[in-house]
Protein chains: 2
Amino acid sequence: MEKMIEATRRLVNELCSIDTPEDTRKHEIKHEINQLLDEMLSLEKQESESSEEAQVVTPFVVSVKNGGEIDYEKVKKQFGCKGIDESLIDRVERLTCRKAHVFLRRGFFYAHRDLDKILDRYEGGKKFYLYTGRGPSSESLHLGHLIPFLFTKYLQDAFKVPLVIQITDDEKCIFKNLKPEDTKKLGRENVKDIIACGFDVTKTFIFSNFDYVGGKFYENMVKAGTCVTRNKIDGTFGFTGEDPVAKYSFPAVQAVPSFSSSFPHLFEEDIPCLIPCAIDQDPYFRMTRDVAPRLGYSKPALIESKFLPALRASGKNGKMSASDANSAIYINDSAKDIKRKINSAVTGGQDTLEDQKKYGANLKEDIPFQYLSFFLEDDAELEHIRKEYGEGRMTTGEVKNRAAQVVTEVVEKHRKARAAVTEEMVNAFMAVRPLPSMFE
Amino acid sequence: MEKMIEATRRLVNELCSIDTPEDTRKHEIKHEINQLLDEMLSLEKQESESSEEAQVVTPFVVSVKNGGEIDYEKVKKQFGCKGIDESLIDRVERLTCRKAHVFLRRGFFYAHRDLDKILDRYEGGKKFYLYTGRGPSSESLHLGHLIPFLFTKYLQDAFKVPLVIQITDDEKCIFKNLKPEDTKKLGRENVKDIIACGFDVTKTFIFSNFDYVGGKFYENMVKAGTCVTRNKIDGTFGFTGEDPVAKYSFPAVQAVPSFSSSFPHLFEEDIPCLIPCAIDQDPYFRMTRDVAPRLGYSKPALIESKFLPALRASGKNGKMSASDANSAIYINDSAKDIKRKINSAVTGGQDTLEDQKKYGANLKEDIPFQYLSFFLEDDAELEHIRKEYGEGRMTTGEVKNRAAQVVTEVVEKHRKARAAVTEEMVNAFMAVRPLPSMFE
């Protein structure tokens with residue numbers, strides 16, 4: 001930078017020393033100066049540019065320029081994940097002797113890293129474990145929050161493997177400026193919702209970072225943190241100098257449950273984990289996969305989902321937002337609330353009944369139909385609706401009604417299960433204890 | 001930056017558009033361009049400048065340009081600490097009803113923060129505790145390592161207060177690239193040396209970070225880390241983007257033993273601590289003092305020492321270096337080693353006996369005399385040597401002999417005490433336990 005500036009200065013001096021008008025040389029100089037200045041500018045711009053990309057997906061920001069939809073294929077490519085195709089889904093079904101979860105067979109979990117290797121291990125009778133987590137920022141969960149847990153519960157049942165669930169109560173203090181006493185309380189409430197998804201207490205360890213960070217876990221945090229430069233973290237997570245320094249500590253905290261040695265009460269040997277999560281969490285585990293071989297640990301494998309779309313256009317491009325209560329369905333919404341919210345959702349139906357009959361609905365834009373595709377188990381019925389609604393023989397009102405019914409069932413089933421979760425059950429899941437039958 | 005560059009470009013364009021020679025305006029433009037470029041340059045230089053200071057004292061680098069001696073007064077002023085004067089020492093002696101430690105009365109502990117407020121509390125019957133620490137990077141300690149502990153032992157005896165000692169085994173993995181298993185082992189060996197200084201097990205809690213980080217301690221780490229920007233940390237500790245990100249986690253780890261709530265097994269209420277340490281540790285606690293009020297905690301007070309000078313010129317400007325075995329006296333050096341090392345130390349004596357008689361020794365440059373001033377308890381004898389040696393009636397050889405004697409006594413006393421420390425004693429000091437009689 002300094003050299004370029006000095007060079008510019010010399011040129012300007014030369015320019016000034018020309019007293020007689022002599023057009024050619026003057027133009028040459030002018031051209032050179034402009035080249036230099038352009039170079040300086042581009043150097044300056046390089047840093048800010050990355051934040052101006054058309055589509056940003058990080059654990060902290062999910063945004064699309066001009067309010068467009070997320071291009072999930074592009075995200076997958078940018079991150080370097082692989083797609084999940086029919087043959088991989090078939091293999092999962094064959095190995096687990098059960099139909100794949102709707103989230104998997106309908107392309108909601110759409111990307112992966114090393115899922116094939118995890119299946120190789122499973123086929124060869126070798127062990128792995130599941131790792132997922134939740135950042136407790138609100139007491140009342142919305143439907144989107146449940147998705148990774150519903151899917152993880154399927155994976156646990158299908159593969160019969162142990163599961164660790166990290167409650168990142170520390171994260172929410174660092175990134176949301178909440179107080180530890182509050183996030184710990186929220187975390188415990190969220191754990192009840194998680195337990196309500198039906199996890200097996202003999203195979204599942206749920207831990208709060210504020211309670212569990214320490215010992216071998218902290219040792220792994222330190223080790224991981226020595227393998228990554230600060231520049232790398234800035235590039236991966238978009239942190240800047242004005243961010244609180246605690247943000248820089250957190251990536252290691254989310255990384256190390258990927259290493260079995262962080263749980264000495266569970267694992268004696270190094271075995272890999274499979275992480276079901278939304279695609280925005282990929283940066284944490286990309287980093288973790290870089291670090292793992294340097295520590296002599298297995299790389300975590302990933303199975304990654306899209307986001308449950310928001311009901312209303314405002315949030316359509318991103319994750320469901322906890323700040324717009326009408327854009328999402330909450331676990332404690334009544335059947336009436338759900339009906340009202342789905343009725344006001346964005347649809348792909350035509351404006352008039354006549355047009356609807358003529359053109360059919362645009363299913364890709366239709367949120368009630370999408371909710372059906374996530375939560376309606378019955379493939380035949382979904383196929384029927386796809387055809388009838390898409391070709392105009394079914395009305396938006398009918399689809400909305402069916403979607404409200406199906407979502408209400410999911411929510412009420414969860415609520416019932418949630419009500420049965422006791423403090424003792426929370427303590428049991430969170431106790432630091434061996435799980436002798438975790439692979440059975 | 002961009003605006004300035006654009007302005008330059010406009011000026012250059014204007015310059016070029018002038019076809020007829022017109023000296024005044026051309027010179028004006030040239031002047032303006034040069035001002036702009038200067039401004040850009042100074043912006044660029046600002047960052048790199050701080051690292052080019054003549055004297056750098058941080059927890060990681062202690063260096064003086066051109067191999068000069070550390071200007072401790074300048075460091076004190078730069079850091080914003082206060083000096084320790086006679087009246088403060090008198091007050092310590094009055095309040096504790098005992099003579100001040102040689103390190104204090106001879107100006108080795110020379111700077112402080114809020115020591116007066118701690119004395120106010122003590123006078124008013126209010127509680128405080130002591131906090132010091134050690135980073136275990138080698139098994140064999142040198143004399144310089146013992147100093148803060150010898151002094152802390154005096155403070156504990158004089159004020160009858162509890163003491164927490166942090167073993168930063170994590171730090172040495174992050175900054176020295178050692179393995180956790182190694183620093184933990186070194187840490188345990190170092191704890192034996194610390195115990196050998198005579199601490200009272202009923203008032204002292206020694207903890208390894210790898211064992212103790214977690215719970216309330218980790219909560220305070222997170223809280224502290226949310227109050228400091230990364231820029232601030234870079235400015236205070238000189239970290240850059242190429243540093244491993246784990247370095248950014250560490251300042252909070254060293255900060256939070258300053259908060260009594262990090263030790264829920266010891267303290268129920270918020271009380272301040274007094275930290276005896278070498279002046280290079282000040283940046284950690286300057287940061288901690290900034291953070292404390294934002295968390296509603298008491299600011300730590302500090303009492304800060306100079307460094308024990310190295311025996312040989314190479315290291316004279318800095319701390320004793322563990323890398324040059326002859327520049328320092330080690331705890332396991334024999335009497336013969338000590339004699340040899342002190343004999344080869346830098347002195348302020350004259351080259352010939354004649355000159356020595358004529359001019360006397362330059363005591364400020366004389367390492368054996370300085371060692372006597374640190375370790376010879378007897379004020380009268382030290383004064384006698386100062387006079388006789390300084391005025392040429394005593395030879396360098398005699399002073400070296402006496403210094404070797406005194407240092408050997410210190411080392412052998414320590415070695416004897418060290419040999420009596422058992423694994424059970426280490427366990428007792430490091431047990432997480434209440435200390436019911438810690439203020440008695």
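The values are calculated or read from the model by the stated rules, or taken from the named source; none is laboratory data. Please read all numbers here as calculations on a predicted model, not as lab measurements. Positions of Cβ are generated from backbone atoms using ideal geometry, with glycine treated the same way; all protein chains shown enter the neighbour counts. Quick note on the areas: whole protein, heavy atoms, side chains included, nothing else; ligands and nucleic acids left out. Shrake-Rupley method; radii C 1.70, N 1.55, O 1.52, S 1.80 Å.
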Helical mean residue ellipticity (222 nm; -39500 (n - 2.57) per DSSP H run of 4+; nearest 500) of chain B: -16500 deg cm²/dmol
Inter-copy separations for B:ARG294, label at 7 Å along Cα-Cβ, nm, ascending: 2.9
Cα-derived Rg over Rh, computed across the stretch B:325-419 with Rh taken as Kirkwood radius: 1.00
Residue-level accessible surface for B:HIS31, protein heavy atoms, 1.4 Å, Å²: 110 Å²
Per-selection Kirkwood Rh - the stretch B:95-247 (Cα, Å, 1 d.p.): 17.7 Å
Shape box of the protein assembly as shown [Cα atoms, principal axes, largest first, Å]: 118, 91, 55
Coil-residue trypsin sites (Lys or Arg not before Pro) of the stretch B:379-440, DSSP, other Cβ within 10 Å capped at 13: B:ARG393
Teacher prompt: B:THR240 distances to equivalent labels in other copies, 7 Å Cα→Cβ, nm: 2.2
Rounded accessible area of B:GLU269 (nearest 10 Å², 1.4 Å probe): 110 Å²
Environment charge of A:PRO148, counting only residues whose C-beta is closer than 11 Å and scoring Lys/Arg +1, Asp/Glu -1: +1
All aspartates and glutamates inside 18 Å of B:LYS30 as judged from Cα atoms, apart from same-chain residues fewer than 8 positions distant: A:GLU6, A:GLU14, A:ASP19, A:GLU32, B:GLU6, B:GLU14, B:ASP19, B:GLU22, B:ASP38, B:GLU39
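Summing Lys, Arg as +1 and Asp, Glu as -1, what charge do residues with Cβ under 14 Å from the Cβ of A:ASP157 carry, A:ASP157 excluded?
Working: positive: A:ARG98, A:LYS99, A:LYS153, A:LYS160, A:LYS203; negative: A:GLU93, A:ASP200, A:GLU440.
With Lys, Arg at +1 and Asp, Glu at -1, the neighbours total +2.
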The stretch B:56-311, Rg to Rh (Cα coordinates; Rh as Kirkwood inverse mean 1/r): 0.93
Chain B - Rg over Rh from alpha carbon coordinates, Kirkwood radius: 1.07
Mean separation of Cα contacts under 8 Å (6+ apart) over length of chain B, as relative contact order %: 17 percent
Crossing angle, helix B:23-49 versus chain B [Cα axis fit, 0-90 degrees, rounded to tens]: 20 degrees
Nearest-first distances (nm) between copies at B:GLY107, label 7 Å from Cα via Cβ: 8.1
Residue pairs, from the table B:LYS74/B:LYS172; A:LYS99/A:LYS153; B:LYS153/B:LYS192; B:LYS358/B:LYS387, whose Cα atoms sit over 18 Å apart: B:LYS74/B:LYS172
Percentage relative contact order, the stretch B:325-419, counting C-alpha pairs under 8 Å, at least six apart: 33 percent
Identity and axial distance of the chain B residue whose Cβ lies nearest the axis relating B to A, Å: B:GLY214, 1
Angle in degrees between helix A:396-419 and the longest Cα principal axis of chain A, rounded to the nearest 10: 70 degrees
Mean projection area, nm², convex hull over Cα of the stretch A:235-388: 14.2 nm²
